[in-house]
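Working notes, structure below.
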Amino acid sequence: MERERFPLHLDLRKLQGNEWELISPFQYWCERLGAWIEVPRGFRTDLASVPWFGRWFVSVDGDHTKAAIVHDWLYVSGSAVDLPQVTRRDADQVFLEALTVRGVPAYKRNAMYAAVRIGGGRMFRDD
């Protein structure tokens, strides 16, 4: 199931600090939105925006990395293929769905979802 929902290999290049860049496009089929989310080549991300005090529980990268990149893209662009506008709530729920598809354990994905709902607002694009 995951291969169908995340059909492309994730190719990243490490930049300075905690920044990464996609070397090739990356896709996720979102059941919730009924649309493909395509993250373009060249997109820059910090993977998962985990504050230092939470890294004992969730690392910056891991089984959640693909979901975090999709979430970052939705926060920056607010769009999926054929869907010009995605709300912050949509983006957060897509994140939770993608974490589930990736097989992230329930305790971890629910904590990550709660964290973006509580603290993600300042990172969401300006409308």
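The values are calculated or read from the model by the stated rules, or taken from the named source; none is laboratory data. Remember, predicted model here, so these are calculated numbers, not experimental data. So basically every Cβ, Gly included, is an ideal-geometry build from the backbone, and we count neighbours across all protein chains shown. Keep in mind that these areas ignore ligands, DNA and RNA; they rest on the heavy atoms of the full protein, side chains included. Shrake-Rupley method; radii C 1.70, N 1.55, O 1.52, S 1.80 Å.
A few notes on this one:
- With K and R counted +1 and D and E -1, the other residues having a Cβ less than 11 Å from that of residue 9 yield a net charge of +1.
- Label positions at residue 110 and residue 87, each projected 7 Å from the Cα along the C-beta direction, are separated by 2.4 nm.
- Computed P(r) (all Cα pairs; region 3-52; 5 Å bins; percent): 5, 19, 23, 22, 17, 10, 4, 0
- Taking all protein chains as they are arranged and a probe of 1.4 Å, the heavy atoms of residue 45 leave approximately 10 Å² accessible to solvent.
- Globularity index of region 64-121, i.e. its alpha-carbon radius of gyration over 2.2 N^0.38 Å: 1.05
- The heavy atoms of residue 44 offer some 120 square angstrom of accessible surface to a 1.4 angstrom probe.
- Label-point separation, residue 32 to residue 14 (7 Å along Cα→Cβ), nm: 3.1 nm
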